[in-house]
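Note sheet for the following structure.
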Amino acid sequence: MNGDAALFKTLAKAGGVGGIALGVFLVVYRELIHKLVFPQLSVSQAYKIILVILFFTFGIALVGLTVWALKTTRGGRVVVLLLLLFGLALCAIGSYVIQEDRQKPDPRAAYAIVSAHDVVDFGQWRPFLPTEGNPISVVTRTIDLVIERVYEGEALFDRIASTSSRLGLKCEVLSANASCFEEPAGVTAGQINRRVWRLKLDMGYFPVRKPVLLSYRISYYNNFSFDYVNPTNGVCKGCDITFPTAHEVKQYSLAVSFPSDWSWSKVFLVRSSQSNAGSGASVEKSNGDKSRQFDSGTFALAPGEQLTANIFPDERFPARS
């Protein structure tokens, strides 16, 4: 707030009432864009808004310089002409950059996921301590993706799997048309303390406009700690299954199976953008009949979206020894 007061004081000295009005505009839109707009936008949308803001800012500055030149400098018309020529040159450069950007589609748009079937098995999960090195607890996750390559040209399939820590993780492709490889720590932004695996497609198996099955399995060792669960407000730690996507997903289904001695009591399903993961539309499901199976599905996931299933175990959940 002190910084805003200093800003208003400076603008009032320089521009009077007009300066104060400009200050109000800057503060209001700074907060609006920072807190309400950008967290909800995709990278492409944010880029376009920033570009528009820069053009408007430049335009306002150019008008101000023009008025100043006419009133305060000798040969003001010559200065104005030079400013206008400079502005036209920058506009031409900006138009060229935008046009080039439009002509180069995101290579990830070359792929669409027709369907994604996500199967998670807690049958071999056991209570464990964070200090234990041997994999006594295993959770397997098998994901079947039907992938369609939309067009020829530059293409990038972006699919990652990661743990919530540097604990054990194994990735293996079951369909023989891709491979798993582990990234060095910190290569993926925001994943410094995680183990991250990526999938690399064998391009020869993915012709244009022909849906192809890609099946892979992830094994999590000593993971899903269920450290903190509060089903009242839908908060938990070490209990979530996430499905982020960089590609369009036309249909997604999740099937989670549990052991005979414990199951799920509630599951909160959250659909959000990856830039604001966990903060989005939430749906609560309850397990009144003590079922050992949880099933859910949705349609039309956009690139950059993420589904999160926060699992709350029932009262039979075993405590750590």
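If R0 is 45 Å, the Cβ-Cβ spacing of Arg209 and Cys91 corresponds to a FRET efficiency of close to 0.70.
Quote to one decimal, in nm, the extra length available between Asp158 and Phe317 on full extension: 0.36 nm per residue of separation minus the C-alpha distance between them. Intermediate values should be presented prior to the final figure.
Details: separation 159, 0.36 × 159 = 57.24 nm, distance 3.56 nm.
Extra length available between Asp158 and Phe317 comes to 53.7 nm.
Quick note: the coordinates plus some simple rules give every number you see, no bench work behind them. Nothing here was measured: the structure is a model prediction, and the numbers come from that model. Counting neighbours? That spans all protein chains shown, and the Cβs are built from the backbone with ideal geometry, glycine included.
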